[in-house]
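What follows is a single structure, written as structure tokens, with notes after it.
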Amino acid sequence: MNREQFDREKKYQAALAVARSMLRQNVINEMDFFRIEGKLREKFKPVSGGFLL
């Protein structure tokens, strides 16, 4: 993984952590979470390519 990929992955994981927290606090529902996760994947193109709830 090069530096650019690492930076994208780090930003993706950080943003996803915020979305997970919002989901746990019932600020958003699962449908919203999946929509957000998809947008984050499009934006950051993470190496991991997915998420873990």
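Read-outs: derived from the displayed coordinates by stated rules, not from any lab. Predicted, not measured: the structure shown is a model, and the values here were computed from it. In this analysis, Cβ positions are derived from the backbone assuming ideal geometry, glycine residues included, and neighbour counts consider all displayed protein chains.
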With the condition kept exactly as written, say whether any residue in the range 28-46 is in a loop (DSSP other than H, G, I, E, B) and of a type in the set (D, E, K, R).
-> yes
What is the one condition in (1) touching a residue at least 12 places away in the same chain (Cβ under 8 Å); (2) surrounded by fewer than 12 Cβ atoms within 10 Å (Cβ to Cβ); (3) not polar (S, T, N, Q) that Lys45 does not satisfy?
-> (2)
Filter the range 19-38 for residues that are under 11 Å from the mean Cα position of the chain (by Cα) and surrounded by 12 or more Cβ atoms within 10 Å (Cβ to Cβ) and give the result.
-> Ala19, Arg20, Phe33, Phe34, Arg35, Ile36, Glu37
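Just the residues that are of a type in the set (S, T, N, Q) and closer than 10 Å to Val47 by Cα, please, taken from the range 1-28. Full working, then the answer.
Going residue by residue through the range 1-28, those that are of a type in the set (S, T, N, Q) are 2, 5, 13, 21, 25-26.
Passing the criteria: only Gln5.
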